[in-house]
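The values are calculated or read from the model by the stated rules, or taken from the named source; none is laboratory data. This structure is a prediction, so every number in the text was calculated from the model and none was measured. Quick reminder, even Gly has a Cβ in these numbers, built from the backbone with ideal geometry, and neighbours come from all protein chains shown. For accessibility, only protein heavy atoms count, side chains too; no ligands or nucleic acids. Shrake-Rupley method; radii C 1.70, N 1.55, O 1.52, S 1.80 Å.
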Amino acid sequence: MATIDVPEQVSVLADAEALRKACKGWGTDEKAIISVLGHRNAVQRKQIRLAYEDLYQEDLIKRLESELSGDFEKAVYRWILDPADRDAVLANVAIKKLSPDHHVIVEISCTRSPEELLAVRRAYQARYKHSLEEDVAAHTKGDTRKLLVALVSAFRFDGEEIDTRVANSEAKILHETVKDKEFNHEEIIRILSTRSKMQLMATFNRYRDDHGTTITKNLEGDSGDEFLKTLRPTIRCLNDPKKYFEKVLRNSIRRVGTDEDALTRVIVTRAEKDLKDVKELYYKRNSVPLDQAVAKDTTGDYKALLLTLLGKED
């Protein structure tokens, strides 16, 4: 369930005018920007952008980029984009890093629905004049490339149906390859990149029931192994995305110096989806409310925006 608090009736013209007023004059009214954008869903935010451009012949995103700075600007920019376009930007930033963030590509590929992932690939092509697949392939190598290209290219079946016989046989295949430490086996890549999420959950459950442990627990190995570092989050994202997102948030807050990129990414991308469930899981695991942990680790307008998206005003 979503965490953002959206009013039933919204005037996008009044919102566009309020944002214009917040950006005019000597100083920017950041509180006004948060009070409008922090309480609007993706459809409304798009309508506000269109209304703003219509009224002022100016791109609202560019205007906000020029007015704001730091983590707050980055969070506002990511929040105001259409979800598919935002994912395209996140993927591109992750790919182009000196040391690429493979887990971000995994996250986008494995936690979005097939239709959402298709929309991301379209948005990526429109924005960068390359395909997501070719950019992933150009910035990765070896088995990691094989896995990531297969994941971003996937268009999985999205139904509830499962085949128990397939779950049994593929749990056995996974166990054999993991036991032999053939983590990069082509069968692992085939199973993870083609099966529906419901089918994979049945397979992972069969694995756990047969062997008394989860597959991720068996994927221990060299902590510097790039392929294993990509494989583990792939299985976590496919099997239990909420648990995966809770762990990303926990790690982003716990580390020495907050990982603002990860913190922003999860809150912004899940606020309209399942962030309420992730918050509950976070509290269960850490005995501290997520908004309290975020408030302690962030400051200023950045903190105010994140708390608003978490459904708790500062």
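Order 208-219, 261-272, 98-109 from most to least packed using the mean count of other Cβ atoms within 10 Å. Don't skip to the answer; put the middle values down first.
Working: 208-219: 13.7, 261-272: 22.2, 98-109: 20.3.
The packing order, highest mean first, is 261-272, 98-109, 208-219.
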Residue-averaged 222 nm ellipticity for the chain, from DSSP H runs of 4+ at -39500 (n - 2.57), nearest 500: -22000 deg cm²/dmol
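Summing Lys, Arg as +1 and Asp, Glu as -1, what charge do residues with Cβ under 12 Å from the Cβ of Thr214 carry, Thr214 excluded? Don't jump to the answer; show the numbers that get you there.
Working: positive: Arg206, Arg208, Lys217, Arg232, Arg236, Lys243; negative: Asp209, Asp210, Glu220, Asp240.
That sum, taken over residues with Cβ under 12 Å, equals +2.
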Cleavage-rule hits, chymotrypsin sites (Phe, Trp or Tyr not before Pro), region 1-71, DSSP coil, Cβ neighbours within 10 Å at most 13: Trp26
C-alpha long axis of helix 197-211 to longest principal axis of the chain, angle in °: 50
Accessible area of the chain belonging to carbon and sulfur atoms, whole % at 1.4 Å probe: 48
Full-extension gain in nm, Leu13 to Glu65, via 0.36 nm per residue minus C-alpha separation: 16.7 nm
Largest-first ellipsoid semi-axes for region 164-239, taking √(5λ) over the Cα gyration tensor eigenvalues, angstrom: 18, 13, 11
Percentage relative contact order, region 1-145, counting C-alpha pairs under 8 Å, at least six apart: 17
Between 0 and 90°, nearest 10: helix 226-239 axis offset from the chain longest Cα axis: 80
In degrees, nearest ten, helix 300-309 long axis to first principal axis of the chain (Cα): 60
Separation of the Ala32 and Gln57 label points, Cα + 7 Å toward Cβ, nm: 2.3
Solvent exposure of the chain as accessible area per residue, Å², 1.4 Å probe: 49
Percent of Cα-Cα distances greater than 14 Å, calculated over region 83-153: 51
Sparsely packed chymotrypsin sites (Phe, Trp or Tyr not before Pro) within region 148-230, loop by DSSP, other Cβ within 10 Å at most 15: Phe155, Phe157
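Considering all projection directions equally, how large on average is the shadow of the alpha-carbon convex hull of region 12-68, in square nanometres?
Working: hull surface 13.7 nm².
Mean projected area for region 12-68: 3.4 nm², to one decimal.
What's the FRET efficiency of Arg190 with Val256 using the Cβ-Cβ distance as r and R₀ = 51 Å, to the nearest 0.05? Could the numbers behind the result be given before it?
Details: r = 40 Å, r/R0 = 0.78.
Computed FRET efficiency for Arg190 and Val256: 0.80.
How would you rank 126-136, 233-243, highest first, on the average number of other Cβ atoms within 10 Å across their residues? Show your work: numbers first, answer last.
Details: 126-136: 15.9, 233-243: 20.4.
Per-residue Cβ counts within 10 Å, averaged per peptide and sorted highest first, yield 233-243, 126-136.
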Region 58-104-region 154-176 distance, computed between alpha-carbon centres (Å): 35
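Calculate the FRET efficiency for Asn286 and Ala2 from the Cβ-Cβ distance with a Förster distance of 25 Å, rounded to the nearest 0.05.
Details: r = 21 Å, r/R0 = 0.86.
It comes out at approximately 0.70.
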Simple label model, 7 Å out from Cα along Cβ direction - Asn205 to His39, nm: 4.2
GluC sites (Glu not before Pro) restricted to DSSP loop in region 145-226 with at most 15 other C-beta within 10 Å: Glu160, Glu161, Glu182, Glu220
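Rule-of-thumb check for the chain: C-alpha Rg over 2.2 N^0.38 Å? Kindly include the intermediate steps, with their values, before the conclusion.
Details: Rg = 20.8 Å, N = 314, 2.2 N^0.38 = 19.6 Å.
Relative to the rule-of-thumb radius for its length, the chain sits at 1.07.
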Distance (nanometres) between label positions extended 7 Å along Cα→Cβ at Ala126 and Glu160: 3.3
Cα shape, region 244-310, gyration tensor, a/c 1.5 rule: rounded
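Taking 0.36 nm per residue of separation and subtracting the Cα-Cα distance, what length does fully extending Ser113 through Lys217 add? Numbers along the way, then the final one.
On the way: separation 104, 0.36 × 104 = 37.44 nm, distance 2.60 nm.
Length gained between Ser113 and Lys217: 34.8 nm.
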